[in-house]
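Worksheet: the structure to be examined is printed underneath.
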Amino acid sequence: MSGEEAAPALGGAPRVAVLVPAAGAGHRMGGVRKPFLEVAGRSILDWALSRFLDRDDVVEVVVALGGGGDPSGVAGRDSRVRVVEGGDSRFGSVANAFDRVESPATVIAVHDGARPFPPPDVIDACVRAAASGCGAVAGIGAVDTVKRTDAEGRIVATPQRDVLWYAQTPQVFPREAFARAVAHCRAAGVAPTDDAAMVERLGVEVRMVPSAATNLKITRPEDLVVAEALVARGLV
């Protein structure tokens, strides 16, 4: 079964395929493969996958890796997990993973391989929204003032922060809408860095789902310190 095909859900229950882009070069982490760094004795990728593999409605997980191999053996930990080659961009990795979906999933979830602690209740809310026909993006409301600048760094606007959100993952969508969005981006030759952005282009409704700051993305060395502290204090 190709990435664009889907069977109807049995009894209306969603069946979820999770795409995990994890092929980044990790430049801001000194060029290491971030998903395989450890937090409290487990790889970041293992932490991230566990939140989805705990769910009965997750029927498939496709991890897009770069650099060759599967250093932490993620494909062997659960029969639902498969590893595919990543692309040369985040969109390329997501699209490659989507092409390799084999299950009759009705909902597509995308989650960063370097984001270890997606809250289970947030995953659930995003899946329920997508099953109802709209897209859903985990995120938190902006707490800092945001400035918009021109190419020379001059401030040209200060948006009201009460309508601004910091987008996270998971980002979850009806499969049909996601398939159309991937095809549209390929045809247009664009590689968006945000999954919701490509679905929004089609006029599909996408909603923000309140998440938590604990759903951090490991980007810089100091983020590992925060992640270790969250585990040590039982906050994730």
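The values are calculated or read from the model by the stated rules, or taken from the named source; none is laboratory data. Predicted model only: the values in this text are computed from it and were never measured. Note: ideal-geometry Cβ built from the backbone for every residue, glycine included; neighbour counts use all protein chains shown. Ligands, DNA and RNA are excluded from the accessible area calculation, which covers all protein heavy atoms including side chains. Shrake-Rupley method; radii C 1.70, N 1.55, O 1.52, S 1.80 Å.
Assorted remarks:
- Hz values of 3J(HN,Hα) by residue in the stretch 103-119 - Karplus curve (6.51, -1.76, 1.60), Gly and Pro given as x: 8, x, 5, 9, 10, 10, 10, 10, 9, 5, x, 9, 10, x, 10, x, x
- The slack between E85 and I140, meaning 0.36 nm per residue of separation minus the straight C-alpha distance, is 16.7 nm.
- Here the accessible area is traced with a 1.4 Å probe on the protein chains. For the chain, carbon and sulfur cover 51 percent of it.
- FRET efficiency for A151 and R77, using Cβ-Cβ distance with R0 set to 45 Å, rounded to 0.05: 0.45
- Percent of C-alpha pairs per 10 Å bin, the stretch 78-179, short to long: 13, 33, 32, 17, 5, 0
- Hydrophobic long helices, here whole DSSP H runs in the chain with Kyte-Doolittle means of at least 1.0 and Cα atoms spread over 15 Å or more along the helix axis, are found at 221-232.
- Top of G189, G141, G66 by mean-square fluctuation, Gaussian network on the chain, Cα under 10 Å: G189
- In a DSSP loop and with at most 11 other Cβ atoms within 10 Å, the GluC sites (Glu not before Pro) in the stretch 141-203 are E152.
- Think of each Lys and Arg Cβ as +1 and each Asp and Glu Cβ as -1; about the Cα centre, that makes the dipole of the chain roughly 320 debye.
- Per residue accessible area of the chain, 1.4 Å probe, in Å²: 47 Å²
- Checking every one of the trypsin sites (Lys or Arg not before Pro) in the stretch 129-236 against DSSP loop status and a limit of 10 other Cβ atoms within 10 Å picks out R154, R233.
- Springs between Cα atoms under 10 Å define the GNM used for the chain, and in it the highest mean-square fluctuation of V137, V81, V225 occurs at V225.
- Computing FRET efficiency as 1/(1 + (r/R0)^6) for A188 and Q160, where r is the C-beta to C-beta distance and R0 is 41 Å, gives about 0.85.
- The H on the amide N of R207, modeled in the peptide plane, is under 5 Å from the matching H of G135, A136, V137, each at least 5 residues off or on a different chain.
- CD proxy at 222 nm, helix term only [per DSSP H run n ≥ 4: -39500 (n - 2.57); per residue of the chain; nearest 500]: -8000 deg cm²/dmol
- Unit Cα scatterers, Debye sum, the chain: log10 I(q)/I(0) for q = 0.08, 0.12 Å⁻¹: -0.29, -0.66
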